[in-house]
Amino acid sequence: MQWTRDLARRCRALFRRPDEREMDEEIRLHIEMEAEENLRRGLSAEEARRRALAAFGRVEDIKDGVRDVRPVARVLGDLRRDSRVGFRSLRRQPVFSLAVLLTLGIGIGGNVAMLGVLDVVLFRSLPYPEPERLVLGRVTYGGEVGRTVSGPDFFDYRERADGLEALSAITPFPVEVTVTGTALPERVSAPLVSTGFFETLGVTPASGRGFTAAEGEPGGAPVAVLSHAYWQRSFGGDPDVVGSTIHLDAVPTTVVGVMPPGFRFLVDADLWRPIQRGTGWAAARQFHNFLLVGRLSPGVTLASAQGGVDLVSGRLEEAYPDTNEGKGLRLTPLREALAEGIRDPIRLLLAAVLLVLVVACANVAGLVVVRGSARRSEIAVRSVMGAGRGRLARQLLTESGLLALGASVVGIGIATWLQRGILVLLPLQTLGPLTAGLSPTMAGATAALALLALGLFGVLPALRVARSEPALELRSGTRATTGRRGVRLQSGLVVAQVAVTSVLVIVSGLLLRSFFELRSVDPGFDPTGLLTAEVALPSGSYEDATDRLRFFERLGREAATLPGVSAVGLVNRLPVRDGGDNVRVAPPEEWGAGGVFERVAYQRMVLPGYFEAMGIPLLAGRDVSRTDTREAPPVMLLSASLAEELSPAGDALGRVLAVDVGTDDPWTAEVVGIVGDVVPSSLAAGTGHAMYFAYGQRSPSSMRLAVRGRVDRAGITTGLRTLVASLDPDIPLTGVATMEEVLETSIADRRSVMTVLLAFAGVALLLAAVGLYGLMAYHVSRRVHEIGVRMALGASASGVAVSVVRRGLVLVGAGLVLAVPLSLVAGRLVGGMLFGVGGLDPWTYGGAAAFLAAVAGLACLLPARRAATIDPMEAFRAE
Amino acid sequence: MSRSDLLQGSLDLLILRVLELEPLHGWAVSKRIRLLSKDVLDVNQGSLYPALYRLRDRGLIESEWQTSDEGRRIKVYHLTPRGRKALVRERRSWRRFSGAVEAILQAG
């Protein structure tokens, strides 16, 4: 068929690019032949060739003409040619090109990295089927969202609330057990979960089964489900592990299943154990130990499920006014709940990278303005020589496009690296495994940012060229000059950069000060030379309180004899290191009445000598003693602030107080001593009320050691391990850390947010300094002639230098002034992350301003020196 | 007639015509047109090569690389059967067109 062949050829022709080599060769052939003809006519060889070329016309034009025959091929060809020209032109200015690539790359990379972090944390971390139906259930007190729900309340919600297909509970804090019966006694993370936990999340065990309903009732057989990682690590992936028996805190427990690899919910778990209704941590309505996760029934909205839950809350309030007055349950979509926890740091860092991008764009725009003015006469000349404006604009656009493309590549590189760093550094609580890596979202964001940048610094100059009047440009002088508008634009860009950078520096400064304030908080004890560790007795083999007492008394006594050890303290929860366990305390006559003397305080069980070992001062009365046994009257010590509040008259010693221990009736004890305040949980929370009980009277199975000593940490650790093993080979010594490490860890989250932010601020500062330097250097180079005249007229070198620096500092000053209102807003936004310093801290503001001025001065110094060393004679000769 | 007056369609006709006489390379095509028109028509190379590529894309001419008598690689264009038919058509329409123009010029 003739016409189909014809069509096919035409289609081919439409896209086929004329072979450039072939075209070149044909044209060369033509010119040679013309030249030979001219030679034959008797012209000189040179003249013959010149005329041949002239007759032919511009080679490029002809090639263009040939290409024009094919529309699509023409566009592609133009692009290729423009790219080649653009690439060459960029290579001719390596400093400019590199500066743009790096600056934009950093700006893009930072933002893409943060998006990547969000992506991982919020979107890729819900590895459960239909995650949009999952909700997190948290307790509310008078409408305020708290955190953990009590076990009995959970069981009531699970049984009575409509709209939820399933509801489950998990202990969201570290719960550990000692596993024995394997090679080495091992302390593992073993959260308690309700029996429907795996089913609620929609994940089935890889082998074996989950928990049966009977295993969640009192007296149910002790069972456990292992995590894949733990199964691999401690059981070598033994397929026969399901059905085998391991000992958890000396209780023989059957392994019933192994979860698939990567399964995780909120806490890292080595194994999961079922909560048994009404026992242990789920024993009482005032023990709030569980986070709930629910799955909405298909087609049920969050609001109607919340309605169902509220009904139950109302009924519980009526039935149990003592414990449930004002208490409720709030359902939040899981994704949203996750975002809450990291909102502040992520928002802060996101804002910071955006600001860095702004600075980067301003910097690049400044560079482009400088370069644009330098190229203006070049462009004007080309334009006069007949290059179309459209063509010139396209050329500029192509160059910018190449830069944007390069910057994207640099940006992606920076982003993947930075994303990993941030994920490691930031205190992110996520559900699934954290896997860094380039995602489609990140790639898309890169493309979008690159396009945005391209629009900002590529399209505008191109438009300017398209509109410009070449004749005017040429008439305005032989030297490349920037109009007043160019300089003003560039100065504006520098001012903007300084302003934005100042905000970052100020906010970083505020966080930095908070951090140091936090570090200088007096924890209430002497942390130097203090080693801490944990010893947990398996409840199965140490059921008797006197056995536990005997064990810990011996441990304390013998540890004190280890070489280099000067004192040993034993407590169930160490200050700073282990918060939690705060309960109500009140005078007995006010108990349950919510009187003015009711307080909430951290309760701690100690062995004699704890306060001395920790360096906590005993202010009045006595320490607990060996005679404070279960047979003797119960005793307690108060922290100074608690004693002050409970007995403002200062007569706390000798009083009897009631303490909530989860039973119907409170525990009552006599105050026998008052000790100094300590920071019970986090440094940021500061000192808190505490009360101490005698281990001889209240004896939990897990205790912490505080060992004060002078010799090396390794020596004492080994000594302790040997000692514990000699007392009971089935008990591991865990969590060995110096108190100073504990203090550092407690502020590590802040340190990492601060570190990332400081890095961003540093980058912005560097960019702004480079931008300022560029402007001043350019400013000086443009005024060489003028400065030369001035110096010839008697201006001193130092005077010239000062004028340059002054000019730079005026811009910085303007930027700083602009920064003040911005920082006030920013300071308010980060208020929640500050400690011991206000959002308007004048020292930080002043310090940041001085610092910026110093950096700016440095950035101006080189151009100023250059100005000062201008030789008037040379300046004139250059004309 | 200056080259800018050369009508677009007529250049195609001229190329097809000289290639009908014998296969030629690009330079020779322009040479031959000038020669045959007794130096009146001077084809601008800027039009010639685009026209050659256009005609080739339309399948009216074809090109191949040959070695000339002096041992030089040259690209020679020749008419295809379709080109031959097109030439007949073009020639007829050109004759009608120029005849019409002539008739108007001689009228009165």
Highest to lowest packing among A:494-503, A:807-816, A:403-412, A:45-54, scored as the average C-beta count within 10 Å: A:494-503, A:403-412, A:807-816, A:45-54
Distance (nanometres) between label positions extended 7 Å along Cα→Cβ at A:Glu165 and A:Thr668: 5.4 nm
Rg and Dmax of the range B:3-106, Cα atoms only, in Å: 14.4, 52
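Report the local net charge at A:Leu511: Lys and Arg +1, Asp and Glu -1, summed over other residues whose C-beta lies under 10 Å from its C-beta.
On the way: positive: A:Arg513, A:Arg750, A:Arg751; negative: none.
Value of the local net charge: +3.
Over all residues in A:22-34, what is the mean tally of Cβ atoms on other chains that come within 10 Å of each residue's Cβ? Could you put the intermediate results ahead of the total?
Working: counts 3, 3, 0, 4, 11, 4, 0, 8, 11, 2, 2, 9, 4.
Mean partner shielding for this stretch: 5.
If Lys and Arg each add +1 and Asp and Glu each add -1, what is the summed charge of the other residues whose beta carbon sits under 15 Å from the beta carbon of A:Ala221?
Numbers: positive: A:Arg209, A:Arg273, A:Arg277; negative: A:Glu215, A:Glu217.
Cβ neighbours under 15 Å give a net charge of +1.
Please give the FRET efficiency for A:Arg865 paired with A:Thr528, using the beta carbon to beta carbon distance and R0 = 56 Å, rounded to the nearest 0.05. All intermediate terms of the calculation are to be shown ahead of the outcome.
Numbers: r = 50 Å, r/R0 = 0.88.
About 0.70, to the nearest 0.05.
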Convex hull projection area averaged over all views, the range A:174-328, Cα basis, nm²: 10.3 nm²
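Which value, in Å³ per residue, describes the convex hull spanned by the Cα atoms of chain A? Please list the in-between numbers first.
Numbers: hull volume 237.8 nm³, N = 879.
Cα-based convex hull of chain A, divided per residue, equals 270 Å³.
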Additional length obtainable on full extension of the chain from B:Val40 to B:Glu62, 0.36 nm per residue less Cα span: 5.2 nm
Percent of beta bridges antiparallel (DSSP, chain A, rounded to nearest 5): 80 percent
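Can you give the local net charge around A:Ser304? Use residues other than it whose beta-carbon is closer than 11 angstrom to its beta-carbon, Lys and Arg +1, Asp and Glu -1.
Working: positive: none; negative: A:Asp162, A:Asp310.
Value of the local net charge: -2.
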Mean projection area, nm², convex hull over Cα of the range A:675-797: 16.6 nm²
Relative packing of peptides A:206-218, A:350-362 - highest average C-beta neighbours within 10 Å first: A:350-362, A:206-218
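Compute the Cα gyration tensor for the range A:542-729, then decide on rounded, prolate or oblate, letting a ≥ b ≥ c be the square roots of its eigenvalues: rounded whenever a/c is under 1.5, prolate when a/b is larger than b/c in the other cases, and oblate in all that remain. Numbers along the way, then the final one.
Values: a/c = 2.09, a/b = 1.66, b/c = 1.26.
Since a/c reaches 1.5 and a/b is larger than b/c, the shape of the range A:542-729 is classed as prolate.
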Between 0 and 90°, nearest 10: helix B:81-106 axis offset from chain B longest Cα axis: 30 degrees
Relative contact order for chain B, counting Cα pairs under 8 Å that sit 6 or more residues apart, in percent: 28 percent
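Please identify the DSSP H helices in chain A that span no less than 18 Å along the helix axis (Cα) and have a mean Kyte-Doolittle hydropathy of -0.5 or more. Numbers along the way, then the final one.
Working: long enough: A:2-15 (20 Å, -0.72); A:20-40 (30 Å, -1.40); A:71-92 (31 Å, -0.63); A:94-118 (35 Å, 1.93); A:302-319 (26 Å, 0.22); A:334-384 (65 Å, 1.06); A:389-425 (51 Å, 0.88); A:440-454 (21 Å, 1.63); A:484-519 (52 Å, 0.99); A:545-559 (21 Å, -0.85); A:713-727 (21 Å, 0.73); A:748-782 (50 Å, 1.16); A:797-829 (47 Å, 1.63); A:842-868 (36 Å, 0.98).
Membrane-span-like by this criterion, though nothing is claimed about a membrane: A:94-118, A:302-319, A:334-384, A:389-425, A:440-454, A:484-519, A:713-727, A:748-782, A:797-829, A:842-868.
All of the numbers you see were taken from the coordinates with simple rules; none came from a lab. It should be emphasised that the depicted structure is a prediction, and the values quoted were computed from it without experimental measurement. Cβ coordinates were reconstructed from backbone atoms using ideal geometry, including for glycine residues, and neighbour counts include every protein chain displayed.
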